[in-house]
Structures are given as structure tokens and as C-alpha cells.
Amino acid sequence: MAETSDGEKLHRDGPLHSGRGAFIVVVIAMLLCPVSAGIGYYLNQFLQRPDLQIAQVDQIFVVESHVFNDAVFRALDRDEDAVASYRDNLERLAAPAVCIEWLDGAGWNDDCLPTMQQITNGLIGGRKASIKTVLNNIKTLDEWEAPAPLYLQPTSQVSAERLQNEAQRNKQAALDSMRSSLLPAAAQLRVFEQIAVELKRMRTEAGTSRSGEVILVVGIFNDGNADGVVANRAKLTFAGKELPLAAADYAVVRAHTYEKITFEVPDEAQNSADLKAWTELVKSKQAGDIQITLTGLGGKTITKQLKLETR
């Protein structure tokens, strides 16, 4: 306590005085114990760092495409209209370029299976409907006698009005033309149906052999309290050999979250001796120990030991 000029006691135990007192105590404690302050600072920094771990690695094995029946392809190749129908539909559906290249003689790619089945089923349905229409028109025209009205159905290529005008001018010539159109239509339908059978065979038969290429999808969990970064370059170790791995970009793994990063062997390692050894190991479906090594921010490595899948 202090006194005023007239000797009256003045109390200083209010909130402001208490707060200042506590602050002074803290300052004194820090000055008296700098080691504790330093430990507290570095402990806080340690707790605020990322803790990256490889949780799992999915091995995706690329397999060879099936071999398309050459006799069926040659039958299609001889029918320019059928080839044009496929090309138009593939372009309309924005199919992969390899599917259009196949029409020009390039090798078959199984990525085309779903789209080709969709198009083929549509072409078969359309050709059957067209043949049915022509058969109905033949029956109608064969039974028709002038001057009775004539009602014919339009086809995919000729309007009903044009068919009726030609039939009324020369009934027999119109009948001959309709009957002759059935032959190429039926032949084309057989080609489409053969292609459908071939596509079904490839879709349902046992899987093809491995190509030797593997895509590694690495799952990263960050158990730390700060965001972490994984570099887009990694390393694959197997049987005493090493291969570089590359991802599309660096990956940010937020604190307490899980991210997947896809790695493949980069182009610059495609002709290496180690890649040839890896390819043969994968193709043979032999079991073996492999290790994935990633690099985090600051150069810290993250590793995962696992078995090469044999199935």
C-alpha cells in the first residue's frame, strides 16, 4: 500500500495491478530459465511438423491386348460402307485414337472394347431394321396394283416419296432394285455380327498376359499437425537393382489426411538394363521383395517394403 499526501492508505489490488504482477512473474521466470523457454519453442516446432507415412501401395499391372481375328478384320476392311459407319460413330463418340487407327490397319487395343461393342450393337440393330423395312416394301409393292394408292416405308437412304414414284413408274424395276439391295445389306449384317462375336470372345475369355508395365498408386497418410509435400520423383528397389519413378506433379498432403500419388517408370529409363530385369520379373509373376522410397519436403525419405503381387 502507499499513502496520499494527507496520509490516507491507497490500495492497489485491482485487476490491472494483478495482471501486471502476473506478467512480471512470467518475464522473471523466462529470464531465470532460458533453457526451459528454448525447449518449449523447439517442442512446439516439433509438434507442428508433418509426419508422412506410406499407408499402402496398389500395384496395377498393364496387360497385353487381345489379338483380333484377322479373318473378321479383313471381312470388315473389304466393306467400305461398314468401315465408314464405324469411323463416323467412333469420331462422334470421341473414342480413343487407337480405335480409329485400328480401322486403318494398326494393332487392336482392348481399350476399344466397350465403345466398339456399343457401336456394333447399334449397327446390327440398324441394319436389321433396314432389312425388315425393305422386305415390307417388297411385300407391299408385290401386292399393289395401279391405280390403287401405294404406301411404302422410307429407308435409311431413300425417302418414301421417291420409292413410291419409282415404283409407280416401273413396278418390276423397283422390285428388282429392292431385292438386289438385300444382298449387300445381309452381307454387311453378317460382318457386324461376326465382329460382335469376336468382341464378346475377347471380353469374356481369360485375361491376357502381363506386358511388364506396372503402375504404382502410393497412399500417403500425414499423421502430423502441419501440411507435408511429397516430391514427384521416387525410387523403386528390387533384387539389388533400382529404377526411378515419376508422378505427374508434387503432392501436398494436408495434416491428418490421406492422399494417393500415381508413379510410373519415366521415359528416360525406358531402355535401361534394370527396367528389362523388372519387366521380366513382372511378366513371370514371380514373388519378390520390393521397396518404394519417396522424398518429402526437406529431403526426408519415406520408405515402404512390400511384396510384388503374383496374381
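The values are calculated or read from the model by the stated rules, or taken from the named source; none is laboratory data. Predicted model only: the values in this text are computed from it and were never measured. Using ideal geometry, Cβ is built from the backbone for each residue, glycine included, and neighbour counts are taken over all protein chains shown. These accessible areas exclude ligands, DNA and RNA; they are computed on the full protein's heavy atoms, side chains included. Shrake-Rupley method; radii C 1.70, N 1.55, O 1.52, S 1.80 Å.
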Average projected area of the Cα convex hull of region 146-258, in nm²? 16.6 nm²
List the residues of region 240-258 whose backbone N lies under 12 Å from a point placed 7 Å from the Cα of Thr303 along the Cα-to-Cβ direction. none
How many nm separate the modelled label positions at Val72 and Arg49, each set 7 Å beyond the Cα in the direction of the Cβ? 6.0 nm
Asp81 - accessible surface, heavy atoms, 1.4 Å probe, Å² rounded to 10: 110 Å²
Among Lys200/Lys260; Lys200/Lys235; Lys283/Lys304; Lys235/Lys283; Lys200/Lys276; Lys200/Lys304, the pairs whose Cα-Cα distance exceeds 29 Å are Lys200/Lys260; Lys200/Lys235; Lys200/Lys276; Lys200/Lys304
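Between Ala255 and Ala84, 0.36 nm times their residue separation minus their Cα-Cα distance comes to what? Kindly include the intermediate steps, with their values, before the conclusion.
Details: separation 171, 0.36 × 171 = 61.56 nm, distance 5.46 nm.
My answer for the length gained is 56.1 nm.
Calculate the FRET efficiency for Asn109 and Gln286 from the Cβ-Cβ distance with a Förster distance of 22 Å, rounded to the nearest 0.05. It would help to have the intermediate numbers written out before the result.
Values: r = 27 Å, r/R0 = 1.24.
It comes out at approximately 0.20.
Using only C-alpha positions, report the orientation-averaged shadow area of the convex hull of region 213-311, nm², one decimal.
Numbers: hull surface 26.0 nm².
One quarter of the hull surface, i.e. the mean projection, equals 6.5 nm².
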Given labels modelled 7 Å from the Cα in the Cβ direction, how far is it in nm from Ala246 to Arg311? 3.2 nm
Taking the simple approach of a point 7 Å from Cα along Cα-to-Cβ for both Lys200 and Ala186, what is their distance in nm? 2.2 nm
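State the extension gain, in nm to one decimal, for the chain segment bounded by Asp267 and Ala173, taking 0.36 nm per residue of separation less the distance between their alpha-carbons. Working shown, then result.
Values: separation 94, 0.36 × 94 = 33.84 nm, distance 6.46 nm.
My answer for the length gained is 27.4 nm.
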